[in-house]
Each structure stands twice: as C-alpha cells, then as structure tokens.
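Visitor: Attaching a single structure in structure tokens format; questions to follow.
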Amino acid sequence: MSKRMIWGIDLGGTKIEGVVLDRQSNNQVILRKRLATEADRGYEHILHQIKKLIGEMSDEVGDRPEIIGIGTPGALDPHTRLLKNSNSTALNGKAFKTDLETLLGIPIKIANDANCFALAETRIGVVKDICPEAEVVFGVIMGTGVGGGVVVRGRVINGSQGIGGEWGHNFLDESGGECYCGKTGCVERVIAGPSLQRYYHEISGREKTLKEIVALGATGDPYAQQTLDRLVHFFGLGISAVINILDPDIIVLGGGVGNIEILYTKGVEAAAKHTFNTRFDTRIVKPKLGDSAGVFGAAFLVEE
Ligand SMILES: [Zn+2]
C-alpha cells in the first residue's frame, strides 16, 4: 500500500459505504463505493459483504489497504472485545473486530458512527472551517436515536468501557419511558425524532412526521409548538450536563433533529440557562458533511 491512501468503511443497517482518500492532496476522494448490507442474512453475511466491497474497491484503485478504519453502529467493549449497544442487533455480542481482521487479513480500527461523525466534522468539516483551534469537540447525531462522540485534540475518546460520548443514554426525564438499552428516561427517549413524534401524537391524537411537526410549529399549531418547546427545554437541560463536564469549544448537531432551526436560537438559550457560567461561549452549530461524515471519519481512524 502506498502511504498516500487512507481507507474507511461505514457499516450501516441498509448499506455499507467505502471511501479511499488521498492523504497528500488534502484528503481528496479517490473512490467512493456502496454495497447493500443485507443485514437480514445474518452476521457472517455482513462480514463477507464488507470483504466483497473492499475487494471491489481494491480492484478499482489498483491497490490494497494495509489497515482500514470502520465505523459501526454500536461500540467495541474494550474488556470483552465484543460489539455492544448496536441497534443492528445481529452484531451485538459478536467478536466483530477479531472476526473481520481474520477474514480480511489486515488490522482494522473501529469506532461507532457518532464518533466517526465527530472526528470527520473536526478534521474536514465545520469545526475545521469555523473553529480550527478547538481542543474539545462534541458531535451528536440526533436522528432516530441520539449518539454522541467526543474528540479531544483531534483524537476520539472511546473511554475505558467504550461508551465515551454516549450522551443519548444519560438519564433526562422519566416521561421518556423505557429505552431499548434497558434504562428509562434516556435523552434519546425524550428528544430523538421518534420521541418527538410520539409526544405530538400523545397530545394531539394525530400521527405526523418530524418534518410535518416542524412545519406545523411555524404555522401556529399549538401541539407542534408545545412539542418544539419541550424539545428546546430538554435539549438545553440535557446538553448543559455535557457542557459542565467537558466544556467543549464547539458542539455539532447532526441528524434530522439537528436540522431544527430553533435549537440554534432558543435551544442555545435553554442550554445557557442550565450551564455553570454567567456567559455562554459554547458554539452550537450544524454539520458540514451531512451523511458523508461517517465514512470520512472511519478513514481518519487509521491515523489515530
Ligand atoms: Zn437508553
């Protein structure tokens, strides 16, 4: 392998995406390629799909990786070496890293998708653009779930248990009810997309998508406004806990909920209200890379 290229794979529930970046030309994309995960065909099949994709990519660029970074749903437990906390449940409890290294014959570096998101936004995304001096970055994907990642001086903090940055499963409010993780009242259960839709349905009796709720909020629908006010309140309350512990220079909000404009105005005010400071310097911003962040972040793992 030439030292010129870095390789990353983003393993998702429906697709596996790969990228090869040119290190010597500002991480320009040499190749980007996708393959269906076909997760319903089981764990072994997922591993072979990854191998197949890397094989095809190798043929196209005329080179093979010596090491590869992989973004996964879930996290590698540093003690058991098994994957856990994945919403792609076929992966939970499996020796994913060891099995894949054996199959590929090369070492791999693994981080969960939110960590990859935070790393990519730090290295080539919004953080690099507007806050390149940042020492501490907190990146959150607020979509169907809530996943977070912490990057300190350019490095992902996985933590001693592999749960670094998992703000989504902090306790936030009893009203969230039971979470798939076995706990109750998790951040994810209060402010992720499905939770907002569930709350809107509870108070209005109507089923609406997240986009519809946001649009209705702008036209004066009282139930939508109540849903968004509640989001703002709990976002501020929840994120202030992260700010008081980490005091990040910048927080990047990805995912469908991260698109909601009110988070960058009233949401910031709500966070300031609960933060242990008389000023509020924390920048809370939208991402730059969108859905591409995961695969770029995976590639940057090999440089860690
Ligand atoms: Zn949870």
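Visitor: I'd like the residue in segment 263-304 that is β-branched (Val, Ile, Thr) and open to solvent by 40 Å² or more (accessible area, probe 1.4 Å) and, out of all such residues, is nearest to residue 233 (Cα to Cα). Spell out how you get there, then give the answer.
Guide: Start the filter on segment 263-304 by keeping residues that are β-branched (Val, Ile, Thr), which leaves 265, 268, 275, 278, 282, 284-285, 295, 302.
Still in the running and open to solvent by 40 Å² or more (accessible area, probe 1.4 Å): 265, 278.
Details: 265: 12, 278: 19 Å.
By that ranking, first place goes to 265.
Visitor: Among the residues of segment 170-208, which ones are of a type outside the set (A, V, I, L, M, F, W, C) and touching a residue at least 40 places away in the same chain (Cβ under 8 Å)? Let's see the steps before the verdict.
Guide: In the first step, residues of segment 170-208 are kept if they are of a type outside the set (A, V, I, L, M, F, W, C); the result is 170, 173-178, 180, 182-185, 188-189, 193-195, 197-202, 204-208.
If the condition is that a residue be of a type outside the set (A, V, I, L, M, F, W, C) and touching a residue at least 40 places away in the same chain (Cβ under 8 Å), then 170, 173, 180, 188, 193, 194 are the ones that fit.
Visitor: Tell me whether segment 237-244 contains one or more residues that are within 16 Å of the ligand (Cβ to nearest atom) and touching a strand residue (DSSP E or B) at 6+ places or on another chain (Cβ under 8 Å).
Guide: Initial filter on segment 237-244 (within 16 Å of the ligand (Cβ to nearest atom)): 238, 241-242.
Adding the requirement that they be touching a strand residue (DSSP E or B) at 6+ places or on another chain (Cβ under 8 Å) leaves 242.
Yes: one or more hits.
Visitor: Applying the selection to segment 162-183, what residues are on the phi < 0 side of the Ramachandran plot, more than 8 Å from the ligand (Cβ to nearest atom) and more than 18 Å from the chain's Cα centre (by Cα)?
Guide: Pass one, segment 162-183, residues on the phi < 0 side of the Ramachandran plot: 163-164, 166-176, 178-181, 183.
After this cut, where a residue has to be more than 8 Å from the ligand (Cβ to nearest atom) as well, the list is 163-164, 166-167, 170-176, 178.
171, 172, 173, 174, 175, 176, 178, listed by residue number.
Visitor: Among the residues of segment 146-164, which ones are β-branched (Val, Ile, Thr) and assigned to a strand (DSSP E or B)? Give the steps one after another, and end with the answer.
Guide: The first filter runs over segment 146-164 and keeps only residues β-branched (Val, Ile, Thr), leaving 146, 150-152, 156-157, 163.
Selection gives 146, 150, 151, 152, 156.
Visitor: Another one. From 203, 191, which residue is more than 15 Å from the ligand (Cβ to nearest atom) and either modelled with pLDDT of 95 or more or farther than 18 Å from residue 242 by Cβ (or both)?
Guide: Values: 191 fails: more than 15 Å from the ligand (Cβ to nearest atom).
On inspection, the qualifying residue turns out to be 203.
Visitor: Applying the selection to segment 146-174, what residues are touching a helix residue (DSSP H, G or I) at 6+ places or on another chain (Cβ under 8 Å), at pLDDT below 95 and among the polar types (S, T, N, Q)?
Guide: Within segment 146-174, just 158 meets the criteria.
The values are calculated or read from the model by the stated rules, or taken from the named source; none is laboratory data. Note that the coordinates shown come from a computational prediction; the quantities given were computed from them, not determined experimentally. With ideal geometry, Cβ positions are generated from the backbone for all residues, glycine too; neighbour counts draw on all protein chains shown. Surface areas here come from the heavy atoms of the whole protein model, side chains and all, with no ligands, DNA or RNA. Shrake-Rupley method; radii C 1.70, N 1.55, O 1.52, S 1.80 Å.
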